[in-house]
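The values are calculated or read from the model by the stated rules, or taken from the named source; none is laboratory data. What you see is a predicted model; the values in this text were computed from it and never measured. No Cβ is skipped: glycine too gets one built from the backbone with ideal geometry, and neighbour counts run over all protein chains shown. With ligands, DNA and RNA removed, areas are computed over all heavy atoms of the protein, side chains included. Shrake-Rupley method; radii C 1.70, N 1.55, O 1.52, S 1.80 Å.
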Amino acid sequence: MEKTKWEHARVKPREIEKYIDNGKDFIPNAEIEEKIRPQKEPDQKRVKDILAKSMSIETLSEDELAALLNVTDEKSWDEMKRVALKIKHKVYDNRVVTFAPLYMGNKCVNNCLYCAFRKDNDSAKRRVLTIKEVEKETEILAGKIGHKRLIVVYGEHPETDADYIARTLKAIYGVKVRTKNAWGQIRRANVNAAPLRVKELKKLREVGIGTYQVFQETYHKKTYEKVHPAGTLKANYAWRLYCMHRSMEAGVDDVGLGVLFGLSDWRFEVMGLLYHARELKKKFGVGPHTISFPRLEAAENTPFTSASKYKVNDEDFKKIVTLIRLAVPHTGMILTARERPEIRKEVISLGCTQFDASTRIGIGAYSDRYSEQEGKRQQFLLGDTRSLDEIVREQASEGRITSFCTAGYRCGRTGECIMDLLKTGQEGKFCKLNAILTFREWLDDFASEETRIVGEKVIEKEIDQIKEEDWPIYPQLMEYYERIKNGERDLYF
Ligand code: SAM
Ligand code: SF4
């Protein structure tokens, strides 16, 4: 099908070419294929050395990751999983951050074989939220559930272009809801959208975009061509591959990478993520803020989702999560509600730092009359539709604190700066304090009685630890804590 005028004008070749070195992009397909070819199992000393490097919170080299990919010995894998968890503790302690997705529209000019929003899917019910509807959705998320962070998701379409994204972000930040004893408000809106231009990203920076997330879907070029039909906008691999370069140039230096696992060999994709992370660090001095690793899920009227021969089973999925944690030890890792509850529970303990909860992905699904899942309105089917309250309780009963903190971003602790603080463990200290304060807020404002009781036990332990370790900031923490208990909100370090 012919591209429309709007589609033709989207890609600016200059905004790809300027970043390319010696005519080649930074994903050398043949080299990666060679590296992941099954080779001799690395000896134990080599594995130990690599794990020691991960433990010192250094990004691995491509060869080091390839060596880990060749490990088959079960005992070594157990050790790798243990180290992954230790790294998570070292960098992020026992905190996990929560957020919710907010889908803005399902109109799309592309035809990605795996997605129910693709334009040829005529069973999809299409619509784009109006600003009023965006506000209504936000009111439920911030005022009833208690979320402070969103990932706002857009199809690629003239009706959901960069101007629309800017308008909707403003609308989201403008919503303030009176709850029992507080104002519910979204404090950070991350965006998952199509590749944008530098000028557009600058505009989004002005309205306070959080992380800009674009998944490459697959780094494997032949597969990329197959699943993104020629003639569509998304078929342009390089326009997508370099969108994070444009983001960095625009000053949006919190970027989120991702792969849709199930399109191609997962080993190739894990390597692709590392090449991408290293390229950003090399060119801009800062790697990705987060990495996402969604697995291909069933979607209404989308036969490709069951036909792909690369679908990833649970055991390999756990390996993927472990390898990402080891390869880029300080990067945030996002585990979504695509996964079933039992897998989420297990995988969070392998090093994930963020999860979504109370997840609804139909357009208008939070405020409309809507059952948990409606295939005709969703991009794919969810594995976990549990409430935030339930998941927070589950995490707390495992000794984890759910953080609603967004302070780092508001204090300028972002991009390179936050990554350095994370590596040296300093950000962890701010985060620990803010996690306690924001968790206290949420328990008071939104939790069920049952969850509040379990949550308070975790807070008590955290506070005891800070006291025992004699942190000089302890008295101020307790002052803030008491003020929050008495109804004040949004106090942070
Ligand atoms: N339209 C934008 C784009 O393609 O970049 C926004 C992304 S889309 C709404 C969010 C992500 O969902 C995609 O990048 C893709 O990785 C993922 N996705 C699409 N279909 C999926 C499926 N069937 N199962 C799991 N994830 C899927
Ligand atoms: Fe459109 Fe994104 Fe779905 Fe592709 S993955 S069809 S670009 S919404």
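Can you spot the aspartates and glutamates whose alpha carbon is less than 16 Å from residue 86's alpha carbon? Ignore those fewer than 8 places along the same chain.
Counting by Cα, and skipping residues close in sequence, residue 86 has these aspartates and glutamates nearby: 49, 58, 78, 346, 398.
So what is the calculated 222 nm ellipticity per residue for the chain, using -39500 (n - 2.57) for each DSSP H run with n of 4 or more, over all residues, to the nearest 500 deg cm²/dmol? Walk me through the numbers before you get to the answer.
Numbers: 22 runs with 228 residues, N = 493.
Mean residue ellipticity, 222 nm, calculated: -13500 deg cm²/dmol.
For the range 20-114, which whole-number percentage of the solvent-accessible area (1.4 Å probe, protein heavy atoms only) is attributable to carbon and sulfur atoms? Don't skip to the answer; put the middle values down first.
Working: 2340 of 4560 Å².
Carbon with sulfur: 51 percent of the solvent-accessible area.
Strictly over 29 Å apart at the Cα level, which of 88/281; 136/319; 136/429 would you flag in this model? Don't jump to the answer; show the numbers that get you there.
Values: 88/281 21 Å; 136/319 40 Å; 136/429 36 Å.
With Cα atoms farther than 29 Å apart: 136/319; 136/429.
Where both partners of a DSSP beta bridge lie in the chain, what percent of those bridges are antiparallel, to the nearest 5? Don't skip to the answer; put the middle values down first.
On the way: 5 of 35 bridges.
Bridges in the chain that DSSP calls antiparallel: roughly 15 percent.
Pop out the carbon and sulfur fraction of the accessible area of the range 426-485 as a percent, whole number, probe 1.4 Å.
50 percent
Show me the chymotrypsin sites (Phe, Trp or Tyr not before Pro) within the range 319-393 that DSSP assigns to loop and that have at most 16 other Cβ atoms within 10 Å of their Cβ. Provide the component values of the computation, followed by the final result.
Values: sites: 355, 366, 370, 380; in loops: 366, 370, 380.
The qualifying sites are 370.
Counting heavy atoms of the protein chains only and a 1.4 Å probe, report the per residue accessible area for the chain as a whole number of Å².
On the way: 19930 Å² over 493 residues.
Accessible area per residue: 40 Å².
For the range 61-71, in order, what is each residue's ³J(HN,Hα) by Karplus, 6.51 cos²θ - 1.76 cosθ + 1.60 with θ = phi - 60°, in whole Hz (x at glycine and Pro)?
7, 4, 5, 5, 5, 4, 4, 5, 5, 8, 6
Among the listed pairs 221/282; 170/226; 203/282; 45/461; 53/222, which have their C-alpha atoms separated by more than 28 angstrom in this model?
Values: 221/282 23 Å; 170/226 37 Å; 203/282 25 Å; 45/461 38 Å; 53/222 33 Å.
Long pairs (Cα-Cα over 28 Å): 170/226; 45/461; 53/222.
Read phi for every residue in the range 255-260 and hand back ³J(HN,Hα) as whole Hz from Karplus 6.51 cos²θ - 1.76 cosθ + 1.60, θ = phi - 60°, with x for Gly and Pro.
Running phi through 6.51 cos²θ - 1.76 cosθ + 1.60 with θ = phi - 60° gives 10, x, 9, x, 10, 8 Hz.
Using all Cα-Cα distances in the chain, what percent lands in each 10 angstrom bin from 0 up to the longest?
Per 10 Å bin, starting at zero, the Cα-Cα P(r) for the chain comes out as 4, 20, 31, 28, 13, 3, 0 percent.
As an exercise, identify the GluC sites (Glu not before Pro) in the range 50-103 lying in DSSP coil whose Cβ has no more than 16 other Cβ atoms within 10 Å. Provide the component values of the computation, followed by the final result.
Details: sites: 58, 62, 64, 74, 79; in loops: 58.
For GluC sites (Glu not before Pro) across the range 50-103 that sit outside H, G, I, E and B with at most 16 neighbouring Cβ atoms in 10 Å, the list reads 58.
Which value, in debye to the nearest 20, gives the size of the charge dipole of the range 30-83 about its Cα centre, when Lys and Arg are +1 and Asp and Glu are -1 at the Cβ? All intermediate terms of the calculation are to be shown ahead of the outcome.
Values: 10 positive and 14 negative charges, 48 e Å.
About 220 debye.
Work out the length of the dipole vector of the chain about its Cα centre, built from +1 on the beta-carbon of each Lys and Arg and -1 on the beta-carbon of each Asp and Glu, and round it to the nearest 20 debye. Numbers along the way, then the final one.
Values: 85 positive and 77 negative charges, 239 e Å.
Roughly 1140 debye, rounded to the nearest 20.
If the cut-off is 17 Å between C-alpha atoms, which aspartates and glutamates fall inside it for residue 18, apart from same-chain ones fewer than 8 positions away?
By straight Cα distance, residue 18 reaches 249, 279.
Shape of the range 1-158 from its Cα gyration tensor (a ≥ b ≥ c, root eigenvalues): rounded if a/c is under 1.5, otherwise prolate when a/b > b/c, or oblate?
On the way: a/c = 2.55, a/b = 1.47, b/c = 1.73.
Oblate, because a/c is 1.5 or more while a/b does not exceed b/c.
Pull up the cross-link candidates among the lysines for residue 107, meaning alpha carbon to alpha carbon under 19 Å and not fewer than 8 places away within one chain.
3, 5, 119, 125, 132, 234, 376
Using only the Cα atoms of the range 150-214, build the gyration tensor, take square roots of its eigenvalues as a ≥ b ≥ c, and label the shape rounded, prolate or oblate: rounded if a/c is under 1.5, else prolate if a/b is larger than b/c, else oblate. Before the final figure, lay out the partial values.
Numbers: a/c = 2.36, a/b = 2.23, b/c = 1.06.
Taking the square roots of the gyration eigenvalues as a ≥ b ≥ c, the range 150-214 is prolate.
Taking H as built 1.01 Å from N, whose amide H comes closer than 5 Å to the amide H of residue 403, not counting residues under 5 places away?
96, 97, 98
Please report the antiparallel percentage of the DSSP beta bridges confined to the range 170-327, to the nearest 5.
On the way: 3 of 13 bridges.
Antiparallel bridges: around 25 percent, rounded to the nearest 5.
Which semi-axis lengths, in whole Å and largest first, follow from the square roots of five times the eigenvalues of the Cα gyration tensor of the range 426-485?
Details: eigenvalues 83, 27, 22 Å².
For the range 426-485, the ellipsoid semi-axes come out as 20, 12, 10 Å.
Could you give each residue of the range 297-313 its phi-based ³J(HN,Hα) in whole Hz, using Karplus coefficients 6.51, -1.76, 1.60 with θ = phi - 60°, and x for Gly or Pro?
Listing the rounded values in order: 10, 4, 9, 3, 6, 10, x, 4, 5, 9, 8, 4, 7, 9, 4, 9, 7 Hz.
Give the shape of the range 30-83 as rounded, prolate or oblate, defined through the alpha-carbon gyration tensor: a ≥ b ≥ c are the square roots of its eigenvalues, a/c under 1.5 means rounded, and otherwise the shape is prolate if a/b is larger than b/c and oblate if not.
Details: a/c = 2.20, a/b = 1.28, b/c = 1.72.
Cα axes put the range 30-83 in the oblate bin.
Can you pull out the trypsin sites (Lys or Arg not before Pro) in the range 27-76 that DSSP calls coil and that have at most 11 other Cβ atoms within 10 Å? Provide the component values of the computation, followed by the final result.
Details: sites: 35, 40, 45, 46, 48, 53, 75; in loops: 40.
Answer in residue order: 40.
Around residue 228, what is the net charge, scoring Lys/Arg as +1 and Asp/Glu as -1 over all other residues with Cβ under 15 Å from its Cβ?
Values: positive: 3, 10, 118, 119, 221, 222, 226, 234, 240; negative: 7, 120, 156, 217, 225.
With Lys, Arg at +1 and Asp, Glu at -1, the neighbours total +4.
Note down the relative contact order for the chain as a percent, whole number, built from C-alpha pairs under 8 angstrom at least six residues apart.
Working: 873 pairs, mean separation 95.3, N = 493.
So the answer I get is 19 percent.
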